[in-house]
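Data block below; observations after.
The values are calculated or read from the model by the stated rules, or taken from the named source; none is laboratory data. Here the structure is a predicted model, which is why all the values come from computation and not from measurement. Methodologically, a virtual Cβ is constructed for each residue, glycine included, from the backbone with ideal geometry; neighbour enumeration extends over all protein chains shown.
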């Protein structure tokens with residue numbers, strides 16, 4: 001593909017490199033339509049024709065922005081991750097509050113994010129179709145889990161340097177905490193099982209998760 005945009009200006013094949021407002025708006029329009037189709041039909045069941053129709057663009061325009069379904073899904077997932085993970089990433093970069101407060105907020109925000117209909121839908125697509133489409137796992141790992149893991153690892157590393165935590169392997173401990181956040185509420189919601197996911201229940205679970213983590217890694221002299 002040449003990457004020629006609708007207004008005749010050259011851009012990257014996925015449209016990410018262009019600065020033309022019309023091209024950016026068209027890309028957002030396509031991603032919105034793609035999201036609707038992916039969540040409704042799954043990855044395998046989605047076609048570029050369906051996505052073009054839902055987005056209100058021609059297939060030619062669609063292929064000017066994305067060279068295929070795999071790159072389109074990656075772009076859609078990356079955009080969702082960028083927007084939805086921004087508050088968690090900002091929290092991970094902040095050092096203006098206690099470790100406990102940060103971990104409680106991290107757990108609370110993570111649970112709220114992962115029980116959202118969008119996150120649940122994407123998770124089910126990836127788990128259900130990863131055997132046929134291994135690129136889905138790479139997309140999920142790179143733009144979702146690993147991105148958050150990196151930010152939390154950096155936060156824990158800074159906390160260790162300040163003497164607030166005793167952790168030998170911050171990256172492994174960050175992954176441990178992220179998996180702890182997915183117990184009970186998220187696991188049951190993913191399977192469609194009944195669970196209390198009210199704000200109060202999530203807040204209580206987040207506090208329990210943070211306190212459990214701190215019992216392992218707080219310095220023994222405290």
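Picking from 144, 121, 128, which residue would you name as being within 11 Å of the chain's Cα centre (by Cα) and part of a helix (DSSP H, G or I)? Of the residues listed, the single one that is within 11 Å of the chain's Cα centre (by Cα) and part of a helix (DSSP H, G or I) is 144. Just one of the listed residues (140, 177, 145) is under 23 Å from residue 43 (Cβ atoms), in contact (Cβ under 8 Å) with a residue 24 or more places away in the chain and buried (at least 16 other Cβ atoms within 10 Å of the Cβ), namely 140.
Tally time: how many residues in segment 171-184 are within 14 Å of residue 106 (Cβ to Cβ) and in a helix (DSSP H, G or I)? Here the count works out to 8.
With respect to residue 106, determine if the residue is buried (at least 20 other Cβ atoms within 10 Å of the Cβ), in the same structural domain as residue 174 (by TED's automatic domain parsing) and in contact (Cβ under 8 Å) with a residue 24 or more places away in the chain. Considered against the rule, which asks whether it is buried (at least 20 other Cβ atoms within 10 Å of the Cβ), in the same structural domain as residue 174 (by TED's automatic domain parsing) and in contact (Cβ under 8 Å) with a residue 24 or more places away in the chain, residue 106 comes out as yes.
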